[in-house]
Amino acid sequence: MKLSTYRLPGSDPDTPGATFAALVTETDGPRATAAVELEGVVDVGDFLSLPEPDRTELVEAALAAAAEDPSRILDASTLEPATLIPFPTKVFCIGLNYRNHILETGLELPEHPSIFTKFAQTLTGATDAIEVPAEDHRLDWEGELCIVIGEPGRRIPEDQAAAHIAGYAISNDVSVRGYQGRTTEWTQGKVWEETTPIGPWLVTPDEYAPGATITTRVNGEVMQHDSTGDLVFGAEKLVSYISDLVTLLPGDLILTGTPAGVALARKNDSGRRPWLKAGDVLETEIEGLGLQRNEIR
């Protein structure tokens, strides 16, 4: 099952609640082509807040209504994705979790996950523009697999963690490197407003293939390309570990880290790091989870 949050046609992107949740029913590669509205819920986070039996009933009702009245089937190619889950209670991020990325930094593999957090205001949609901050031009990409929590839990055993995962989504932990490097604590480089796209879809675990390829492109050039199987700490381990700290709730997000190939570790022909700049197009793709395409302004 694939779920998405779309903006109401003609609505102001800054208007709260001007969105609706939908079940994606057809795709063409990484793009949705048909969807059915899930009545009464404004976004995927709203959907996940419902008890599981109510979620199932809502999906079945949407499919039945579409079968009875095909006009309910929406042309998803004309719809604009909004932030998949705009108001999670928690957004956790894992630093240095791909073996290849750790090797390019010259560090040793970690014994425990490195965790930092983001805020809801940091999130944005899968096709929304991302602005280069006036305060710091050193904007970098970090394509990532995002875990979406579906069932609440505290101190979840690792062998039970899968039951608490609603699904997976694409994310990009776009980072402001100048601010990130000001101190040994990363938060100030990671929480700039509307810099972290989430979506376009939440894909349930039964439709996600572990080890799927993750690719990040800038202006069509591949910058990151790896297997999500390269994670040092996998999804179940992270859910279990973080739930020791705090109760995880439906809609909470865990960004699992980025593979090798970030701008910080590169230099272009002029010897400078190829930071994202106005006019660039940032694409992030994970097999089976869709495609993000964010213009840099």
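Residues of the range 30-61 that are small (Gly, Ala, Ser), more than 13 Å from Tyr6 (Cβ to Cβ) and in contact (Cβ under 8 Å) with a residue 40 or more places away in the chain: Gly45, Ser49. For the range 256-277, the set of residues classified as crowded, with 21+ Cβ neighbours inside 10 Å and either in a loop (DSSP other than H, G, I, E, B) or free of Cβ contacts under 8 Å to residues at least 12 places away in the same chain (or both) consists of Thr256, Gly257, Thr258, Pro259, Gly261, Val262, Trp275, listed by residue number.
Whether a residue is modelled with pLDDT of 95 or more and touching a Cys at 6+ places or on another chain (Cβ under 9 Å) was assessed, and Ala169 passes this test.
Within the range 92-104, the presence of a residue that is more than 26 Å from Leu245 (Cβ to Cβ), surrounded by fewer than 16 Cβ atoms within 10 Å (Cβ to Cβ) and at pLDDT 95 or above is excluded. Each residue in the range 85-111 was checked for being touching a helix residue (DSSP H, G or I) at 6+ places or on another chain (Cβ under 8 Å) and on the phi > 0 side of the Ramachandran plot, and 1 of them qualify.
Answer with yes or no whether Pro13 is modelled with pLDDT under 95, in contact with a helix residue (DSSP H, G or I) (Cβ under 9 Å, 6 or more places away or on another chain) and either outside the structural domain of Val191 (by the TED database) or buried (at least 21 other Cβ atoms within 10 Å of the Cβ) (or both). The answer is no for Pro13. Take the conditions (1) in contact with a helix residue (DSSP H, G or I) (Cβ under 8 Å, 6 or more places away or on another chain); (2) modelled with pLDDT of 95 or more; (3) over 23 Å from Glu287 (Cβ atoms); Ala134 misses just one of them, which is (1). Residues in the range 66-75 that are over 16 Å from Glu26 (Cβ atoms) and either in contact with a helix residue (DSSP H, G or I) (Cβ under 6 Å, 6 or more places away or on another chain) or outside any helix (DSSP H, G or I) (or both): Asp69 alone. If we keep just the residues of the range 213-237 that are touching a Gly at 6+ places or on another chain (Cβ under 9 Å) and part of a helix (DSSP H, G or I), which is surrounded by the fewest Cβ atoms within 10 Å (Cβ to Cβ)? Only one residue tops the list, namely Gly229.
The values are calculated or read from the model by the stated rules, or taken from the named source; none is laboratory data. What you see is a predicted model; the values in this text were computed from it and never measured. Quick reminder, even Gly has a Cβ in these numbers, built from the backbone with ideal geometry, and neighbours come from all protein chains shown.
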